[in-house]
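The values are calculated or read from the model by the stated rules, or taken from the named source; none is laboratory data. These figures come from a predicted structure and were not determined experimentally. So basically every Cβ, Gly included, is an ideal-geometry build from the backbone, and we count neighbours across all protein chains shown. Quick note on the areas: whole protein, heavy atoms, side chains included, nothing else; ligands and nucleic acids left out. Shrake-Rupley method; radii C 1.70, N 1.55, O 1.52, S 1.80 Å.
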Amino acid sequence: MSQLFVIGIGPGDLDLVAPKALSALSASTDMVAYGYYLDLLGAICEGKQHHDLPLGEEIGRARLALNLAASGKTTSLISSGDIGIYAMATLVFELLDQQLQGKESHPEWLEVEIEVVPGISAMQAGASRVGAMLGHDFCTISLSDLLTPWETIDKRIHAAGIGDFVVSFYNPVSRKRDWQLNHARDVLLQYRPASTPVMIGRQLTRLEEDIVFTSLGELDASQVDMFTMVSIGNSESRHIVNGEKHWIYTPRGYSKKL
């Protein structure tokens, strides 16, 4: 049977890789990923055939994984975090959709057994590091306009502000793109206080992890790089301090019962 595992390995800490993901990786002969993700897995990848394609080659990775699996090799397509959130799973199914529409010439892809294995996302890892930031309704928005028009992203930021969602921003900056995060900050300041707590999480759960507690009014893109995720609380989110320990939580309304 042709088998393709589409796997999210979590934010980087091997203790957070799901047992089902470990089982799928163990069963695979071939691994397709951006090389850094294979580095994160370390010894788990030993004895496997590695197919390392660089950033920007996402479509190539998805095609290669489908081709390897269709050829009879048990294959893992790997992303960090959850592979279904701003990651590779969507490309696999988009290619299958293209094939079903007659826009591809790979009928063998349709015979591949596909299993998507979820992982812990960056927003979950960040929320756990600071307490319970996602305790009430939340959303995620990618600030990258490479694939989505900026006008659409801007509408979503306003909608998140109107809805008073906790917002986790993925892809907040890049080497060539550093103004969108400050714009998003200014939009949200129209809907919630400048004192709203913010978590800036860099390299979450990895050796280089660095977490900064700040506020919406003090947030600035200069504090952020490509390895960072930014989570902004809603109007009810609280930053509390117990000695040297800092926490952010978003109440659900239990205060009415306390």
Enumeration of residues in region 17-43 that are surrounded by fewer than 17 Cβ atoms within 10 Å (Cβ to Cβ) and part of a helix (DSSP H, G or I):
Pro19, Lys20, Leu22, Ser23, Ser26, Ala27, Gly35, Tyr36, Asp39, Gly42, Ala43
Considering Ser28, Ser79, which residue is under 25 Å from Tyr170 (Cβ atoms) and modelled with pLDDT of 95 or more?
Ser79
Out of everything in region 213-223 that is in a strand (DSSP E or B) and open to solvent by less than 50 Å² (accessible area, probe 1.4 Å), what residue ends up being nearest to Thr152 (Cα to Cα)?
Ser215
Given the criterion of a type outside the set (Gly, Ala, Ser), open to solvent by 10 Å² or more (accessible area, probe 1.4 Å), more than 20 Å from Gln124 (Cα to Cα) and out of contact with any helix residue (DSSP H, G or I) (no Cβ under 9 Å at 6 or more places or on another chain), identify the matching residue among Asn242, Asn182.
Asn242
Can you name the condition, by its number, that Gly47 falls short on among (1) exposed (fewer than 14 other Cβ atoms within 10 Å of the Cβ); (2) in a loop (DSSP other than H, G, I, E, B); (3) touching a helix residue (DSSP H, G or I) at 6+ places or on another chain (Cβ under 9 Å)?
(3)
Just wondering, is there one or more residues in region 87-100 that are open to solvent by 70 Å² or more (accessible area, probe 1.4 Å) and on the phi > 0 side of the Ramachandran plot?
no
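To keep it simple, each residue is scored yes or no on (1) at pLDDT 95 or above; (2) not aliphatic (A, V, I, L, M).
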| site | (1), (2) |
| --- | --- |
| Phe169 | yes, yes |
| Lys176 | no, yes |
| Pro193 | yes, yes |
| Ile200 | yes, no |
| Glu208 | no, yes |
| Ser215 | yes, yes |
I'd like the full set of residues that are touching a residue at least 12 places away in the same chain (Cβ under 8 Å) and open to solvent by 20 Å² or more (accessible area, probe 1.4 Å), limited to region 7-16.
Asp13, Leu14, Leu16
Condition set without any contact (Cβ under 8 Å) to a residue 24 or more places away in the chain and under 15 Å from Pro11 (Cα atoms), scope region 190-208, selection most open to solvent (accessible area, probe 1.4 Å): answer is Leu207
Starting from residues that are at pLDDT 95 or above and open to solvent by 70 Å² or more (accessible area, probe 1.4 Å), keep the ones in region 224-239 and report whichever is nearest to Val187 (Cα to Cα).
Glu236
Filter region 224-246 down to the residues that are outside any loop (DSSP other than H, G, I, E, B) and either acidic (Asp, Glu) or under 22 Å from the mean Cα position of the chain (by Cα) (or both) and list them by number.
Thr228, Met229, Val230, Ser231, Ile232
What is the residue count in region 108-135 for residues that are under 28 Å from Phe165 (Cα atoms), touching a strand residue (DSSP E or B) at 6+ places or on another chain (Cβ under 8 Å) and open to solvent by 70 Å² or more (accessible area, probe 1.4 Å)?
2
